[in-house]
Amino acid sequence: MDIKSVLKLNAYRNIPLWYEQAYEFGLYTLAGCKGDQTAMMESVIALSALHNNALYHHQGDGKATPHSAAEQIAGICAAVFNEDIAKSQFGFVRPDVPVAMDNCGMGGDMITTANVSTLSAFIAATAGIPMCKHGSPANADKGKHGSSDFVGLCGINCFAHKLTIETSVERFNFGYTEALDTRYKHIHMQTHKFVKLPHMNDIIGPITNPVDPKIMSRRVLGVNHLVPTRVVAEVYHILNQIGVTQMDHLLVVRGFISDESDEGMDELSICSGGTEVSELCDGEITTYRLYAKDFGVSEVSATDVSPPMGVSKGDFSMQILRGERNGSVLDMIFANAALLFYLNDPALSWMKAHQAARDTFATGKVPKTKDNLAGFCR
């Protein structure tokens, strides 16, 4: 792989790789993760350079479009699915359920919120929706904020055996796969073991959940300020067309604090800026906006849904789970859980889906779901 050409002709000109180039580059990246030190160093440089706002939005001089930005992501992800996960020690996770969902985000938020996706997944699981969540530890110096850190705080083993995870999904409607578990894939050795830098793994990771694509046919995926939601929806459209994934119904979300700023979160927002959503359903992509009023709740400020001074994200999330935090932050959690209730039953309105999440939490059974998982996946 000629990395100098990738940098000179693509990354530094904000021109995405086409699918075939990206697939080849993905293979080179995997060679680095499996021991080739030159490939490791070069691919980290290239993946960092290729991961920028201008490239993902590029539409200039006829050389690239958002669709080709999607091809770049799709090509690398296809290599991970075909040559990393499929050929790993564990292979794909295959719980005996018709559908398992995920609501993983790519991180890199402009503000800090609770572990929204994991809390939402616990609510959905309590309501009987099979969840097989994917995630990783925090990749930052500011504290432990990643999904794996919170799941571990809940007493759940992030590195449980594949059979344990499959059984956990079947019995408790929740399983967790760790992105750093090399029994599934090696791609994350770069960002968490070799060099802690933000790069394309931030979006490759959430897409490459190791659950069998035949089973993971519905999901929510949160993106940050770098990537347009429609680009990620197009990634799945491409992967569906070539038979790598079978995503029937997808919601890609990007939350905003206000209309005047790109500050936001890789999850649904009930702040004044609302949420951009790109929905892939039956092969068609629709992009629209959702606001707090669509869920029947009031708009909130960023501080209303952020951990208070001196409270860590993990502790904040545990307080929410135990019912010690009420009001705005719960409205936001329920709105994100509503996305999962809607995917499970598209006949639900957003308000009814939000109410279903609220009613589930009100039973008091969500902490029990966490405790059951901790006991089983210890």
Over the chain, the sum of -39500 (n - 2.57) across DSSP H runs of at least four, divided by residue number and rounded to 500 deg cm²/dmol, gives at 222 nm -12000 deg cm²/dmol
Projected onto the charge dipole of region 206-282 (unit charges on the beta-carbon of Lys, Arg, Asp and Glu, signs +1, +1, -1, -1), the Cα from HIS237, SER278, LEU226 with the largest positive-side position is that of HIS237
With the 8 Å Cα cutoff and a minimum separation of six or more residues, the chain has a relative contact order in percent of 19
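Order these by the 10 Å Cβ neighbour count, fewest first: VAL195, VAL151.
Working: VAL195 13, VAL151 26.
Neighbour counts put them in this order, fewest first: VAL195, VAL151.
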Sorted on mean Cβ neighbours within 10 Å (highest first), peptides 105-113, 75-83 come out as 75-83, 105-113
Total charge of the residues flanking VAL93 in space, meaning their Cβ is under 13 Å from its Cβ, with Lys and Arg +1 and Asp and Glu -1, is -1
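If packing is taken as the mean number of other Cβ atoms within 10 Å per residue, what is the order of 15-22, 127-134, highest first?
Going by the mean number of other Cβ atoms within 10 Å, highest first, we get 127-134, 15-22.
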In whole Hz, the Karplus estimates of ³J(HN,Hα) for region 328-333 (6.51, -1.76, 1.60; θ = phi - 60°; x where Gly or Pro) are 4, 5, 5, 4, 5, 4
Distance in nm between ASN52 and THR164 label points, each 7 Å along Cα→Cβ, equals 4.3
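What fraction, in whole percent, of alpha-carbon pairs in the chain exceed 27 Å separation?
When every Cα pair of the chain is considered, 44 percent fall beyond 27 Å.
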Taking Cα atoms only, Rg over Rh for region 283-378 with Rh from the Kirkwood formula is 1.01
If every Lys and Arg gets +1 and every Asp and Glu gets -1 at its Cβ, then about the Cα centre the chain yields a dipole, in debye to the nearest 20, of 900
Expected sort for LEU268, LEU153 with the fewest Cβ neighbours (10 Å cutoff) up front is LEU153, LEU268
For LYS293, counting only lysines whose alpha-carbon sits under 19 Å away and dropping same-chain residues fewer than eight positions off, the answer is LYS352
One would report the antiparallel percent of DSSP beta bridges in the chain, rounded to the nearest 5, as 50
LEU197 and ARG13 label points (each 7 Å along its Cα→Cβ direction) are spaced in nm at 2.2
With the dipole of the chain defined by +1 on each Lys or Arg Cβ and -1 on each Asp or Glu Cβ, the option from MET41, MET200, CYS132 whose Cα lies farthest towards the positive pole is CYS132
Dimensionless Rg/Rh of region 3-85, both radii on Cα and Rh by Kirkwood, sits at 0.97
Relative contact order in percent for region 3-85 (Cα pairs under 8 Å, 6+ apart) equals 44
By the mean-Cβ-within-10 Å protection proxy, highest first, 228-237, 302-311 rank as 228-237, 302-311
Note: TYR288 to SER5 extended length (0.36 nm per residue) minus current alpha-carbon separation gives 98.1 nm
Region 228-330: Kirkwood hydrodynamic radius (Cα pairs, Å) comes out at 15.3
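Sort TYR23, TYR184 so the one with the fewest other Cβ atoms within 10 Å of its own Cβ comes first.
The order, fewest Cβ neighbours first, is TYR23, TYR184.
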At the level of C-alpha centres, the distance separating region 339-359 and region 75-137, in angstrom, is 20
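Taken together, the values in this text are just the output of simple stated rules run on the coordinates, not laboratory data. What you are looking at is a predicted structure, and each value in this text was computed from that prediction instead of being measured. Here Cβ is always computed from backbone atoms with ideal geometry, including for glycine, and neighbour counts include all displayed protein chains.
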